[in-house]
Amino acid sequence: MQSELILQVVVNGFLAAGVYMLVAVGLNMIYGVMRVFNYAQGELLMLGMYAAYWMNVTLNLSPYVSLPAVVPLLFVVGLGIQRVIVAPLFKHRLPPESHVLTMIGLIFVLQYSAMLAWTSDYRNVVVPIATTSISIPPFQVPIGRLIASLASVSIAVALFFFFKYSKMGKIIRATCQDREAAVYMGINIDRVEAITFGIGAALAGVAAGLLLPLYYVNPFAGFPFTIISFIIVTLGGLGNFIGAIVGSLIIGMIESVVGFFISAEIASAVAFTIFVLVLFLKPSGLFEE
């Protein structure tokens, strides 16, 4: 009985890791290319959740069905943020401190704009299949989290092949590895950065459609995911794709195991403690870029 319980906790940890993976991978990809930490990645997730919510209210579309509309919408939002907010930071050669303050300011702009538009009420979409579980002896698997995790893994695999074999993927990797050399090779850095930021935002849109059946949405719903993603990408190594996946697994397991056997609050404390220890012992993260 004890072994079955432990197995169930491990399964829950993998499912939690899948939920966090998409947000963390998008965040890491943006940093890897642009060396800008998008602190508002969680707020992009929040916007995507609202988009899926209103499509459900107005068109009666399930959040899963609305993904083909939400993802391109978030891609366009990401392009806009890069062009209007991020690109001028580099154009005017502002110091890194300005980048940080600007992206933190974007958090508040998006949060309070959402509050003005839709109030601070908690809203949710009930998807019956997402709230049920299937029995795979000896454990239970929540279908909503299973869908989110399988989708996350599938997209992570697709991104791996995209970066490894596609022309644009190779260009993004080259820009990530050596920005100056990429310029000398004739790569349009501005275009690469805009597309990268758009893809990162689109991944937040995917996560939004997958998470809306599991979480309430309000103007501040994305911020906890930003904090978790920050811990994940720092643990794995800033800009490292595999590191983001491994970091998601570590945090997912900590949240599940410690949260089940002790408490969710202690699980958060353990995650932050490991985060601080890694910064002290290996500041570049578990996987160097």
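The values are calculated or read from the model by the stated rules, or taken from the named source; none is laboratory data. Model, not experiment: these values are computed from the prediction. Because the Cβ atoms are built from the backbone with ideal geometry, glycine has one as well, and the counts that use them run over all protein chains shown.
What tally of residues in region 238-274 results from selecting those that are closer than 29 Å to residue 162 by Cβ and not β-branched (Val, Ile, Thr)?
Of the residues in region 238-274, 12 are closer than 29 Å to residue 162 by Cβ and not β-branched (Val, Ile, Thr).
Of all residues in region 32-54, which are farther than 21 Å from residue 241 by Cα and of a type in the set (Gly, Ala, Ser)?
Hits for region 32-54 are 48, 51, 52.
I'd like the full set of residues that are over 14 Å from residue 71 (Cα atoms) and crowded, with 23+ Cβ neighbours inside 10 Å, limited to region 42-54.
Hits for region 42-54 are 42, 43.
Considering only residues that are within 22 Å of the chain's Cα centre (by Cα) and exposed (fewer than 14 other Cβ atoms within 10 Å of the Cβ), look in region 132-161 and name the one that is nearest to residue 6 (Cα to Cα).
Looking at the filtered set, the residue picked out is 150.
Filter region 96-131 down to the residues that are surrounded by 15 or more Cβ atoms within 10 Å (Cβ to Cβ) and either modelled with pLDDT under 90 or over 23 Å from residue 211 (Cα atoms) (or both), then identify the one that is nearest to the chain's Cα centre (by Cα).
Among those that are surrounded by 15 or more Cβ atoms within 10 Å (Cβ to Cβ) and either modelled with pLDDT under 90 or over 23 Å from residue 211 (Cα atoms) (or both), it is 103.
Among 75, 108, which is the only one that is farther than 22 Å from residue 130 by Cβ and out of contact with any helix residue (DSSP H, G or I) (no Cβ under 8 Å at 6 or more places or on another chain)?
Among 75, 108, only 108 is farther than 22 Å from residue 130 by Cβ and out of contact with any helix residue (DSSP H, G or I) (no Cβ under 8 Å at 6 or more places or on another chain).
Would you mind telling me which numbered condition in (1) under 22 Å from residue 27 (Cα atoms); (2) surrounded by 13 or more Cβ atoms within 10 Å (Cβ to Cβ); (3) among the aliphatic types (A, V, I, L, M); (4) modelled with pLDDT of 90 or more residue 84 fails?
Failed condition: (2).
If we scan region 7-28, do we find a residue that is within 19 Å of residue 240 (Cα to Cα), of a type in the set (Val, Ile, Thr) and in a loop (DSSP other than H, G, I, E, B)?
no
Looking for whichever is without any contact (Cβ under 8 Å) to a residue 60 or more places away in the chain, surrounded by fewer than 17 Cβ atoms within 10 Å (Cβ to Cβ) and touching a strand residue (DSSP E or B) at 6+ places or on another chain (Cβ under 9 Å) here; the options are 65, 57. Which one fits?
Sole residue among the options that is without any contact (Cβ under 8 Å) to a residue 60 or more places away in the chain, surrounded by fewer than 17 Cβ atoms within 10 Å (Cβ to Cβ) and touching a strand residue (DSSP E or B) at 6+ places or on another chain (Cβ under 9 Å): 57.
Could you grab the pairs with beta carbons closer than 8 Å, sequence gap of 6+ or different chains, first residue in region 232-261 and without any contact (Cβ under 8 Å) to a residue 12 or more places away in the chain and under 12 Å from residue 12 (Cα atoms), second one of a type outside the set (Ser, Thr, Tyr) and part of a helix (DSSP H, G or I)?
Going by the 8 Å Cβ cut-off, the qualifying pairs are 259/266; 259/267.
Scan region 162-188 residue by residue and report those that are assigned to a helix (DSSP H, G or I), surrounded by fewer than 13 Cβ atoms within 10 Å (Cβ to Cβ) and of a type in the set (D, E, K, R).
164, 167, 180
Which of the residues belonging to region 257-289 are assigned to a helix (DSSP H, G or I) and within 19 Å of the chain's Cα centre (by Cα)?
Listed by number, the residues that qualify are 268, 271, 272, 275.
Taking interchain pairs and intrachain pairs at least six residues apart, which have beta carbon atoms under 8 angstrom, with the first residue in region 72-100 and under 13 Å from residue 191 (Cα atoms) and the second surrounded by 12 or more Cβ atoms within 10 Å (Cβ to Cβ) and charged (D, E, K, R)?
Close Cβ pairs satisfying both conditions: 82/193; 86/193; 87/190; 87/193.
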